[in-house]
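Please read the structure below before turning to the comments.
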Amino acid sequence: MRGSPPFGLPVATIKTSAPAKVNLTLHVTGQRDDGYHLLDSLVVFADVADQISASVAPDLRMTVSGPFSTGVPTDHTNLVMRAAEALRTVRGVPKGAALTLEKHLPHAAGIGSGSSDAAATLKMLAELWQVAPLPATAPEVIALGADVPVCVGAPQPVRMSGIGEVLSPVARLPECALVLVRPPVEVPTQQVFKSMTTKNGSPMSELPEGLDFDAFVRWLAAQRNDMQGPAEVIAPQITEAIGKLRSMPAVSLAGMSGSGATCFGLVKDMATARHVARIVQVAKMDWWVAPAELL
């Protein structure tokens, strides 16, 4: 987002990015009586992103464009609109906003695109309306969904636990990049949770300080995504995508983000990520493939 204007001056239009959220680990450690699952996850953000803009308007309205705009609602069932209404209500804002969302990230793909959109909207509208932003721990933010609080803190890597509301800083990560791959299949999160035979796994181990790339790969290899196995049963294309990434010598580790179906390959740098992405895209023209730098 651009810098804030001098005090008291209105902002005409603000633009911001909503980066992809990638779960490099995802341990499911329990389930509360109210049905919410307890998680423990290392979350990073990548430089592939949706784009959002907003200008002051008498009411809340929204338009959607971009390569993944099909099927995205523009009413109050959209998480962006719900986030905008939550901020407006809590802060007592009498005006509205005209929102434009460019969808460059696939939705229902395990990379939190809707949650990232909502989090970016909360920060952007706080500036547009010149009100205090909602903190990640605000009940209204948590109510928007498990991934919204962590996305409010983007782009810093973070350990996410509880039901998504407990956010802890992590040690500095080594230089690395990702290749994001999503086969053309959607995996509903609730369906994956229902398919899990155990929901009381061990937590993620502490991320040590000062890891180089190879040590980071070894640490990640000892962690888990407890949703990956059930998701692969529902959508075998995930197994194929992970297998394709693992077959590439330059990919040091491959796994699934969130509840899928986006998978990631961890590589040493962006040049390698671009090279791997080109090879995968040529082989699988109907897959979404994106080289990504960690933010």
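So which residues in the range 58-78 are under 14 Å from THR121 (Cβ atoms) and either buried (at least 18 other Cβ atoms within 10 Å of the Cβ) or aliphatic (A, V, I, L, M) (or both), if there are any at all?
First, the residues of the range 58-78 that are under 14 Å from THR121 (Cβ atoms): 60-64, 72, 74, 76, 78.
Residues satisfying the conditions are LEU60, MET62, VAL64, VAL72, ASN78.
If I ask for residues that are of a type in the set (D, E, K, R) and part of a loop (DSSP other than H, G, I, E, B), which ones from the range 20-44 would you list? Quick ask: steps written out before the conclusion?
Of all residues in the range 20-44, those of a type in the set (D, E, K, R) come to 21, 32-34, 40.
Hits for the range 20-44 are ARG32, ASP33, ASP34.
This table checks each residue for (1) of a type in the set (Gly, Ala, Ser); (2) farther than 21 Å from LEU42 by Cβ; (3) in contact with a Leu (Cβ under 8 Å, 6 or more places away or on another chain).
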site	(1), (2), (3)
ASP147	no, no, no
CYS151	no, no, no
ALA177	yes, no, yes
PRO184	no, yes, no
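In the range 45-145, which helices (runs of 4 or more DSSP H) lie fully inside it and hold 1 or more residues that are touching a Lys or Arg at 6+ places or on another chain (Cβ under 8 Å) and hydrophobic (A, V, I, L, M, F, W, C)? Don't jump to the end; show me each part of the working.
Values: elements: 79-91, 113-129, 139-142.
Here the list reads 113-129.
Under the condition of being farther than 14 Å from LEU134 by Cβ and free of Cβ contacts under 8 Å to residues at least 24 places away in the same chain, which residue from the range 79-102 is most open to solvent (accessible area, probe 1.4 Å)?
Per the stated criteria, the residue is PRO94.
List, please: which pairs have Cβ atoms under 8 Å, are six or more places apart or on different chains, and start with a residue in the range 165-187 that is in a loop (DSSP other than H, G, I, E, B) and end with one that is loosely packed, with under 15 Cβ neighbours inside 10 Å and at pLDDT below 95?
If the second residue must be loosely packed, with under 15 Cβ neighbours inside 10 Å and at pLDDT below 95, the pairs left are GLU165/THR137.
(1) in a helix (DSSP H, G or I); (2) open to solvent by 40 Å² or more (accessible area, probe 1.4 Å); (3) closer than 21 Å to SER161 by Cα: which one isn't true of PHE193, the others all being true?
(2)
Would you check if there is a residue in the range 159-176 being open to solvent by 20 Å² or more (accessible area, probe 1.4 Å), under 29 Å from PRO67 (Cβ atoms) and under 17 Å from the mean Cα position of the chain (by Cα)?
No, the range 159-176 has no match at all.
Looking at ALA261, ALA292, ALA241 in this structure, which one is within 29 Å of LYS199 (Cβ to Cβ) and not in a helix (DSSP H, G or I)?
Just a single option satisfies the conditions, and that option is ALA261.
Mind counting the residues in the range 222-237 that are assigned to a helix (DSSP H, G or I) and out of contact with any strand residue (DSSP E or B) (no Cβ under 6 Å at 6 or more places or on another chain)?
Going residue by residue through the range 222-237, those that are assigned to a helix (DSSP H, G or I) are 228-234, 237.
Filter once more, keeping what is out of contact with any strand residue (DSSP E or B) (no Cβ under 6 Å at 6 or more places or on another chain): 229-234, 237.
Residues meeting the conditions: 7.
The values are calculated or read from the model by the stated rules, or taken from the named source; none is laboratory data. Note that the coordinates shown come from a computational prediction; the quantities given were computed from them, not determined experimentally. So basically every Cβ, Gly included, is an ideal-geometry build from the backbone, and we count neighbours across all protein chains shown. Only protein heavy atoms, including side chains, enter the accessible area calculation; ligands, DNA and RNA are left aside. Shrake-Rupley method; radii C 1.70, N 1.55, O 1.52, S 1.80 Å.
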